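Here's the structure we're looking at; comments come further down.
The values are calculated or read from the model by the stated rules, or taken from the named source; none is laboratory data. This is a predicted model, so every value here is computed, not measured. Neighbour counts run over all protein chains shown; Cβ positions are idealised from the backbone, glycine included. Side chains are part of the model used for accessible areas, which takes the heavy atoms of the whole protein and leaves out ligands, DNA and RNA. Shrake-Rupley method; radii C 1.70, N 1.55, O 1.52, S 1.80 Å.
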Amino acid sequence: MSEKLLKVKDLRTEFFSSKKSSVVAVDEVSFELEKGEIVGLVGESGCGKSVTSLSIMQLLKDTPGRVTKGEVIFEGKNLLTASKKEILNIRGGSMSMIFQEPMSSLNPSMRIDRQMIEGICLHTSLSKAEARERAAKILTQVGIPDPQRVLKNYPHQLSGGMSQRVMIAMAMSCNPQLLIADEPTTALDVTIQAQILELMKKIQKEQGMSILLITHDLGVVAEMCSRVIVMYAGKIVEEAPVEILFGNPTHPYTQGLIASVPKLGSGVKVLPSIPGSVPDLSSMPTGCRFAPRCKYASEKCRQQEPELVAVNDKQKCRCWLKQ
Amino acid sequence: MEKILSLKNVSKTFPVGKTLLGKPDKFVHAVNNVSFDVYQGETFSIVGESGCGKSTTGRLINHLLAPDSGEIHFMGKEITKLTQDEMRPMRKDMQMIFQDPAGSLNPRMRVEDLIAEPLLIHTNMNKAERMNVVNELLGIVGLSSKHAKRYPHEFSGGQKQRIGIARALTVNPKLIIADEPISALDVSIQAQVLNLLHNLQEKFSLTYVFISHDLSVVEMISDRIAVMYLGFVVETAPKELLYQNSLHPYTKALLSAVPIPDPGHHKERIILEGDIPSTIDLPKGCPFAARCRACKPECLEQRPVTREVEPGHFVSCHLYK
């Protein structure tokens, strides 16, 4: 369990509107992922969690975004300096991704079999017929009762839950070491969400892969992850094992976030809420980025930005109160 | 308590597809035989998954859609047969808050005009009087009068939803239909808007019909809850009864599927198999039969009748007779 599968060091991703002006979407992001671990990356919209995953996957090519600093080391290799060919080999092979919108991430004009076989043939030496067999087998594993029929279908013939199963099957088809799941259940209904989460847990156990689960839903995190990274306005503000994060959150943002989620069966009528809203990327406050919304903020918080430091041997926090 | 709204056997279908002669050949059965009452001052929630007919029900109540059959009474008056012209004065007492705050505000109108528009239609106030109301309402929803001259794009999602709420409040409505008012908002903003809705209810003694898919949110805000599946109301109960003693197998599964933000919490989860069936060809028997673990032969053959199992707790299921 102690082997590091993925190391992200001091990652910075900027989006350029012209040659000179840019907004920094992700900054100073460093974390590690061990083999067989499910880590949650949590935050609200615009906090940089999806950009972090796209930076890891090298999927920013067609956007104005560029990684301008840092390292992404996967299985000992720095992906940021790797050649295009090496990246193509890794992506979809030992590292794959599932997206939020299952419907729009499948090609609507291709039957499921062609979409699945394409990936398998690219990363293995299987023939088309063998790849098709493998695709059918994986579809059974993800709980699709009639894989032969689904293989012949077009994406529009599948429901949301079914398409997400197909996406997971596709991501699993080359036995990846790392699965990045970007809000995999956000577009789904609760009963379907429960099915998909259960499925991801089962597959993770069977294959022993690592999952980086990106979500804004703290309930999903509590259920799935062993460790959690909380992001706010492009930076990591807290990192801790899941029990500690929910039991003893140290950053005021994490505390506020956990308190502001209604819990089933708690019986409260009014929730504590965080005042204000997330800052705009182009006009970040100087000092701590959470200071304008923080009830503990002092003059120091407004002027100087704190570092992410270890508060004990398991927990890291970016807050002046804890340094 | 006084009944403010009452639905009796309301159904609504939408035509899909056309035959050669241009007649619709299939129908989506969006809302089927729905009956419930809403009392003055309470929050009545309708929960269910996508496609269960909860939003259509909201639109039927507001008469944005006319039902195919059944009756809707609002403040003692039957509104199902009213024309849109006859309905307009009624809407003064019945306002709506929508899911997508950005989509429900005209991007080319200033906030003050957006909020004042209902006053223009429903009252004879002059401009100064209208602006007084606007400024007061902006304060009530947590914005300030300096925001009045701005356009919607200058606001964040949570602020836009506050503007939507202010607009719904301008004409002192009795009933507010809130269709997923917080699901497009970020977690930390959701709590702000929920608290605002709660405070406004106390301040103006409002009645809410709250439409949502999120059971944790519904538990917080509701007095009574109706659970919908495939266009049918399968269970209606006061909040405490529904959460502590849910009876319908679908409600049980739905409650057990909600992820709890507490890693120490372990509960038995009911994983439903399969997907929600299509509403074009409704099942002959119980709408939930195909996914139900307790399904018996009679469930496939016969629609269950709604029964009052304990005071105020209604359920449509063959298990309870």
Expressed as a rounded percentage, what relative contact order does the range B:193-295 have, with Cα pairs under 8 Å and six or more residues apart? 20 percent
Please compute the alpha carbon radius of gyration of the range B:131-172, then divide it by the globular-protein estimate 2.2 N^0.38 Å. Two decimals is fine. 1.03
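Mind checking A:34-47 for the average number of partner chain beta-carbons within 10 Å of each residue's beta-carbon?
That works out to 1 on average.
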At a 1.4 Å probe radius, carbon and sulfur cover how many percent of the accessible area of the range B:57-135? 48 percent
Computed from the beta carbon distance with a Förster radius of 60 Å, FRET efficiency for residue B:319 and residue A:83 to the nearest 0.05 stands at 0.45
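If you add up the charges near residue B:187, with Lys and Arg at +1 and Asp and Glu at -1, over every other residue whose beta carbon is less than 10 angstrom from its beta carbon, what do you get? List each step's numbers first, then the result.
Numbers: positive: none; negative: A:44, A:217, B:186.
My count for the surroundings of residue B:187 gives -3.
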Rounded to the angstrom and largest first, Cα extents along the principal axes for the range B:8-111 equal 47, 38, 32
Could you tell me the relative contact order of chain B? Use alpha-carbon pairs under 8 Å, at least six residues apart, and round to a whole percent. 20 percent
Over chain A, what is the percentage of antiparallel beta bridges among all DSSP beta bridges, to the nearest 5? 60 percent
Under the definition of Cα pairs under 8 Å and six or more residues apart, what whole-number percent is the relative contact order of the range A:118-247? 18 percent
First select every other residue whose beta carbon is under 11 angstrom from the beta carbon of residue A:160; then total the charges, Lys and Arg +1, Asp and Glu -1. -3
Positive-end residue, chain A charge dipole about Cα centroid, Cβ charges, pick of A:123, A:95, A:212: A:123
Along the Cα→Cβ direction, 7 angstrom out, place labels at residue B:26 and residue A:283. What is the inter-label distance in nm? 5.1 nm
Residues of the range B:257-287 with backbone nitrogen within less than 19 Å of a virtual label 7 Å along the Cα-to-Cβ line of residue B:16, please, listed as ranges. B:274-285, B:287
The alpha-carbon pair-distance distribution computed for chain B, with 10 angstrom bins and whole-percent values, is 6, 24, 32, 24, 12, 3, 0
Please give me the summed charge of the neighbours of residue B:309: other residues whose Cβ is under 12 Å from its Cβ, Lys and Arg +1, Asp and Glu -1. -1
What fraction of the DSSP beta bridges in the range B:3-283 is antiparallel, stated in percent and rounded to the nearest 5? 55 percent
Which Cα, out of B:165, B:200, B:134, lies furthest along the positive dipole direction of the range B:107-260 (beta carbon charges, K/R +1, D/E -1)? B:134
For a protection proxy built on the mean count of beta-carbon atoms within 10 angstrom, sort B:217-229, A:272-284 highest first, please. B:217-229, A:272-284
Between residue B:150 and residue A:124, what is the label-to-label distance in nm when each label sits 7 Å out along the Cα-to-Cβ direction? 5.5 nm
Listed residues B:158, B:142, B:53, most fluctuating in chain B (Gaussian network, C-alpha, under 10 Å): B:142
Chains A and B: accessible area buried, summed over both chains, 1.4 Å probe, nearest 100 Å², reads 3500 Å²
Give the average, rounded to an integer, of partner chain Cβ atoms located within 10 angstrom of each Cβ in B:217-224. 3
Who wins for biggest fluctuation among B:305, B:141, B:16 in a Gaussian network model of chain B, springs between alpha carbons below 10 Å? B:16
Per DSSP H run of at least 4 residues, take -39500 (n - 2.57); add these up for chain A, divide by its residues and hand me the 222 nm value, nearest 500 deg cm²/dmol. -9500 deg cm²/dmol
If you average the C-alpha positions of the range A:147-220 and of the range B:151-224 separately, how far apart do those two centres end up, in angstrom? 32 Å
How would you rank B:34-47, A:72-85, highest first, on the average number of other Cβ atoms within 10 Å across their residues? B:34-47, A:72-85
Peptide A:266-279 - average C-beta neighbours from other chains (10 Å radius): 5
For chain B, what does the helix formula give at 222 nm: sum of -39500 (n - 2.57) over DSSP H segments with n ≥ 4, over the residue count, nearest 500 deg cm²/dmol? -9000 deg cm²/dmol
Lys, Arg +1 and Asp, Glu -1 on Cβ, resulting dipole of the protein assembly as shown about Cα centre, debye, nearest 20: 1060 debye
Projecting the Cα atoms of B:312, A:310, B:45 onto the charge dipole of the protein assembly as shown, where Lys and Arg contribute +1 and Asp and Glu -1 at Cβ, the residue farthest towards the positive end is A:310
How long, wide and thick is the protein assembly as shown, going by the Cα atoms along their three principal axes, in whole angstroms, largest first? 73, 66, 50
Span from the the range A:42-99 Cα centroid across to the the range B:9-41 one, whole angstrom: 47 Å
Report the label-to-label distance for residue A:71 and residue B:298 in nanometres (one decimal), using points 7 Å from each Cα along the Cα→Cβ vector. 7.1 nm
Name the residue, out of B:17, B:285, B:139, whose mean-square fluctuation peaks in a Gaussian network model built on chain B with Cα pairs under 10 Å. B:17
About the Cα centre of the range B:3-283, how large is the charge dipole given +1 on each Lys and Arg Cβ and -1 on each Asp and Glu Cβ? Please answer in debye to the nearest 20. 860 debye
Taking 0.36 nm per residue of separation between residue A:153 and residue A:103 and subtracting their Cα-Cα distance, the length gained on full extension comes to 16.7 nm
Compare the peptides A:261-268, B:161-168, A:32-39 by average per-residue count of other Cβ atoms within 10 angstrom and give them in order, highest first. B:161-168, A:32-39, A:261-268
